[in-house]
1. Mind checking which of B:P308, B:L271, B:A143 is farthest towards the positive end of chain B's charge dipole, using Cβ charges of +1 (Lys, Arg) and -1 (Asp, Glu) about the Cα centre?
2. Only bridges whose two residues both fall in the stretch A:153-306 count here: according to DSSP, what percent of them are antiparallel, nearest 5?
3. Report the Cα centroid-to-centroid distance between the stretch B:122-185 and the stretch A:216-293 in angstrom, as an integer.
4. Which of the trypsin sites (Lys or Arg not before Pro) across the stretch A:223-298 are loop residues per DSSP, with 11 or fewer other Cβ within 10 Å?
5. For peptide A:168-179, how many partner chain Cβ atoms fall within 10 Å of a residue's Cβ, on average?
6. Note down the relative contact order for the stretch B:97-140 as a percent, whole number, built from C-alpha pairs under 8 angstrom at least six residues apart.
7. Taking a ≥ b ≥ c as the square roots of the Cα gyration tensor eigenvalues, with a/c under 1.5 meaning rounded and otherwise prolate when a/b beats b/c, else oblate, which class fits chain B?
8. When Cβ neighbours within 10 Å are restricted to other protein chains, what is their mean count per residue of peptide B:79-92?
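What follows draws every value from the coordinates through simple rules; no lab data is involved. Everything numeric here is computed off the predicted structure, so don't read it as measured data. For neighbour counting, all protein chains shown are included, and Cβ atoms are generated from backbone atoms with ideal geometry for every residue, glycine included.
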Amino acid sequence: MTSRSQVFIADLLHSLDALGIESIDAAREVMRMLSLEAWHEIVSSRTPVVEAADQDLVPFAAMTFPTLAATPASRSSSPERLTDSPVGQVRLNRVTSPGAPLRPAWVDHIRPLERAVRAQSPPPESLLDPRQERALLGGLSACLVYDGSLNVEHLVDALAKGTMPRELPRQPSWTTRRGLQVLVDDGPGMAPFRGDVERVMGRLGALLSRDRLDRQLFEGSPMRGCRTPRRRGIRPWKPPVSGGAVLVLTDLGIAAADPPSARGAVGEWLAFADAAQTAGVQLQSLVPYPANRWPAALASRLHPVPWDRRTTVAMVRRIVSAAAHHRIA
Amino acid sequence: MTIMKLTFNPAFFDPVSRVGAVRNKHGQVAVPVPGHAAYVYSEAIILAVNVALATHRPLLLAGSPGTGKTTLAANVAHVLGWRFYPRVITSRTRARDLMWSFDALRRLGDAQASAHAGAGSLRSREAYIEPQLLWWAFDSESAIWRGGDPGADGVTPAVDPGLGAAATPAVVLLDEIDKAEPDLPNDLLEALDTKRFTVEELDPPRTITASHDQVLTFITTNGERELPAAFTRRCIVLKLDPPTVEWLVSIANFRFGREHEPLHRAIAKRLKVLRDAAVRQNMREPSTAEYLDALAACQRLAIDQTSPEWQMLEQAVLWKREDALPPADDE
């Protein structure tokens, strides 16, 4: 047990004593307020949470399992495959009881959904943690600028040393006021994530206002050219004139594509990273695959952020800071 | 709001005993504050405030907008009779801004004027220090003289921004901490944990200290940004549930009187529909304050839900968006 836990147990004991708490409900509530969830679970586990009749509970050792149905002849049913199987000799098959209908009766009473109802299917849930989505996208949209308030401490320090700075030192600050260019990978590898792309674009629009959002589409890599959603013609990629950041929504060519040439090659992405650095652009990307699948050569150049529920604001800030300093360097 | 059946002695904070407090049929306690809406306490809230006072830890209030996070701190300060120091955190707020500020530019100007004039327009360092809310809450005696000796050369006494009687303990509210840069909570950890910080601009630096039972800190978050685990661990955490119809009606009855309860209930039900619709659309939910605004408008303009003006009022005060209002049959 850590010293931190001991401190909080002291808090717990002090609270229980000072407030004269005797009921277990109140004690649990105090544990929850002190973030002592583990202890809360211990206490909870000592109280019955399921009131089941005794006859419903069967000791595991006394359980009987249905006989597995005969495995259909297939490659996986060969003894060699069974031996190689990571789960040993266990095979999972549909259990059939003699005389039981294969098709449950209730299935026949189900009516297909009306077309209008299907059209109102809910949007996909966010790939990012919904509670942090705004902060995460805000972090991905911000670029580092040195146009904050006057860095008085720096200025006074310089004057105290008898030196006159060539320009007034400014505080660094993160800002979204320069807008954001979003390059959306429209290739076949990103097809499963179309809904997620639209959700992110909607949130970014709400966060930055639409006039600060420049959306462009590309296939393969931005070096093959970009187009806007309303124009068909493909034009060479141009860095944002506002000096804002560039966010790429892409799978980095990880997913299979048909034809294979639809995937952007690592060399093309590196050329794009070079072009962005030359233009002084702060470049970051949002990738719907885990970091261990990213091409190693791109991880340090495109500053990818995992498009995932486990992505945190601190992680985004760290990656975006690296992107900002890469640009400055 | 969940009605909890708790058994404890509210040794540090007992709004039930407050003059004017009323317990409603759901076991909640409403405490009116002159000039403000009444605050309706659940037993969970009373317990959380007591635990925070017993353990000398900040109380972190989490919950969606409109759940009463901000008004709780002011009401607790009123019930306790303590000074109150609120501050809304912004993206530019730094930890030091909550303790003190130092006017280096003015000092630089005075130094240059002093050098040219040869006279003593440069004052002692204390004169350029402005105590901020944590300093006032921790030690108002030293804050008045900006950390220096009373009557020091050129030092004018600072004005206490606190609300409430002097020489009492203090309630501090750091509102919307998730609007700040992610590092701010960690930067505040030591000051809030030890009730101590050092003013480095003073010569020599001076440490400002509070006794642990002198300060109760409220911090609010609406969950937009994650807070550091180390910070959360040092707080008492209370999640405030979204307002229920009964909770809203209780507040409205205290504010506007029971004779209008049918209207209060009807608009509370409508607010719930709007909040649910906003959640589904991932938009901001109308809050308790907007509900009270709607009721105030209804009362003063003699409007109710049958009036032709109602829909316009609903759009302007509760929904506040260009798209159409959710249909009434959602109810």
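1. Going by the charge dipole, the pick is B:L271.
2. That works out to approximately 10 percent antiparallel.
3. 51 Å
4. A:R230, A:R231, A:R232
5. Averaged over the peptide's residues, the number is 1.
6. 56 percent
7. Prolate, because a/c is 1.5 or more and a/b exceeds b/c.
8. Partner-chain Cβ atoms within 10 Å, mean over residues of B:79-92: 1.
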